[in-house]
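The values are calculated or read from the model by the stated rules, or taken from the named source; none is laboratory data. Treat the numbers as computed from the prediction; the structure is a model and nothing was measured. Here Cβ is always computed from backbone atoms with ideal geometry, including for glycine, and neighbour counts include all displayed protein chains. Just so you know, the surface numbers come from the protein's heavy atoms only, side chains and all, with ligands and any DNA or RNA stripped out. Shrake-Rupley method; radii C 1.70, N 1.55, O 1.52, S 1.80 Å.
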Amino acid sequence: GKEVCKLMSFRNDSWAILTADNFYAAARGALPSLAFRFRDRAFTFEQFDLRFHRPDKVLECFKFAQTELAAAYREAFQQRLKRMNYTEAMLGNDFDVPEVELAAFPPPSTRERTIKLRVKARDGRFNLDRVHIDVNGVPLRGANGIDVRKPAARTWEQEVEVELSAGDNRIDVSVLNEKGAESLRQTATVRCEAAAKKPDLYVVAVGVSDYADARFKLVYADKDARDLSELLAGKRAGFGEVKVLRVLNRDATRENILNAAEFLKPAGVDDAVVVFFAGHGVLDAKRDYFFGTADIDFADPAKRGLPYAGIEGLLDGARARKKLLLVDTCHSGEVNKEDTALPAGAAQPDGAVRAVARGGLTPEAPPRVGLKNSFQLMQDLYADLRRGTGAVVVASAGGAEYALESAEWKNGVFTYAVLRGLKGGADRNKDGKVQVLELRGYVEEEVRRLTGGRQSPTARSDNVLFDFAID
């Protein structure tokens, strides 16, 4: 006879469950529809998601719920705090943080392509460090924001020019102090009514099968890059031009791959960018990820391999706000460095499809939901709130997993699923378009199905605010 919780459903078939204490569980698609009210102000979900997005608390409301699952959710929450460099004590109810404000809010609509924001920031105790301005979840000045450390001060005020995307623009402004504390975000929404041309699509496809170290040759990685780039080159209905850069086999050195930043420079804010990598993914002794460039030293990947930060840099430097990164390599997801032990030794997978792993090893089937795979559960449950490039990043395999390829797929299984998804398999709502987040969900499910759970794609980062069609 007492209310346990509220169940909310949304037009996109997503959902959220809210307890009386404001804890909630939510599908990722629901997050843009959620907001918080604090006194007389409203804040977007990111501001308090870390504190209140608690599936474990929601599950505890149901007395019949499995205790093992509730414990796994609790551990996944702890993993999230660790990854974000927080503790539960830091999530207290006080608001002793720097403050940011807009001297005047922009008009709700404009025909101009740029607006000017006068931003004021202050802190009563510590010097300011950087100001972040995001447009539709994409950083205006890169992932590092606007550096305000010189001269050291507790106040800052400046006029900032913001280029608008065609249509709706959600502008979030925040400031961090020297201790890493972030202000509550000021949010303004502006609709740009300026005439817009069809966006262009920029595709960078990197694939390496032919390695300098012949022991590590692959069969389908370069074909993956060709197949995907050829498919995208035909997606002309929704784009003005489709521009393709392929970096294949022995040409795929670290320097040549990083030069792709020049290819992406002309992309405007309304254009779309798809960057794709296929080949070996290697973890060094610190379990940091490196893409296997053609001349990588597999014993010391840091020498010639491309670190993940280098891959992100390609996207961070692009003005385009519609950005998708696909990585079809072993270990392309994130590794829980403290708790994950990588398998040692080779094992041939069983099942209907004969596949080999990119790296010569194959993973064992993942465990059932429990404390041992709480890091994976954390990645499935939560949108990534860390500052990044604003791109949607889908990795073909978990950080401790191997990416499979097979003559029966004639591709890596991840690429095979991406190709099928782009050909219409991912069009869940049957509107004739494949949205990025539809593609991500389809690929995650399809790869798990095709590999019998031996390979599980993960989203390294999300932009749940700015979904877009690749069509």
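Hey, which of these cross-link pairs are over 20 Å Cα-Cα: Lys243/Lys323; Lys116/Lys150; Lys198/Lys243? Check vs 20 Å cut-off fails for Lys116/Lys150. A simple spin-label model places pseudo-atoms 7 Å from Cα toward Cβ; at Asp13 and Asp213 they are separated by 4.5 nm.
The simple spin-label model puts a point 7 Å past each Cα toward its Cβ; for Arg37 and Arg141 those points are separated by 3.5 nm. For the chain, the share of accessible area belonging to carbon and sulfur comes to 48 percent (1.4 Å probe, ligands and nucleic acids excluded).
Against the compact-protein benchmark of 2.2 N^0.38 Å, the Cα-based radius of gyration of the stretch 204-313 scales to 1.11. Computed packing ranks the peptides 119-126, 414-421, 222-229 as 414-421, 222-229, 119-126, most packed first, by mean other Cβ atoms within 10 Å.
Take every DSSP beta bridge whose two residues both sit in the stretch 1-107; close to 90 percent of them are antiparallel. In summary, the aspartates and glutamates within cross-link reach of Lys430, defined as a Cα separation below 20 angstrom excluding same-chain residues under 8 places away, comprise Asp13, Glu438, Glu444, Glu445, Glu446, Asp467, Asp471.
Which of the lysines could a cross-linker span from Lys223 if the Cα-Cα distance has to be under 18 Å and same-chain partners fewer than 8 positions apart are dropped? Result set, ordered by chain and number: Lys410, Lys423. When both the stretch 128-168 and the stretch 56-86 are represented by their alpha-carbon centers, they are found 34 Å apart. DSSP beta bridges confined to the stretch 1-62 are antiparallel in about 90 percent of cases. Surface exposure of the stretch 198-344, expressed per residue as accessible area with a 1.4 Å probe, stands at 39 Å². For the stretch 275-288, backbone phi angles converted through the Karplus equation (6.51, -1.76, 1.60; θ = phi - 60°) give residue-by-residue couplings of 10, 10, 10, 9, x, 7, x, 10, 9, 7, 4, 8, 6, 8 Hz, Gly and Pro being listed as x.
Distance between the pseudo-spin-label points of Lys433 and Thr110 (7 Å out from Cα toward the beta carbon): 2.5 nm.
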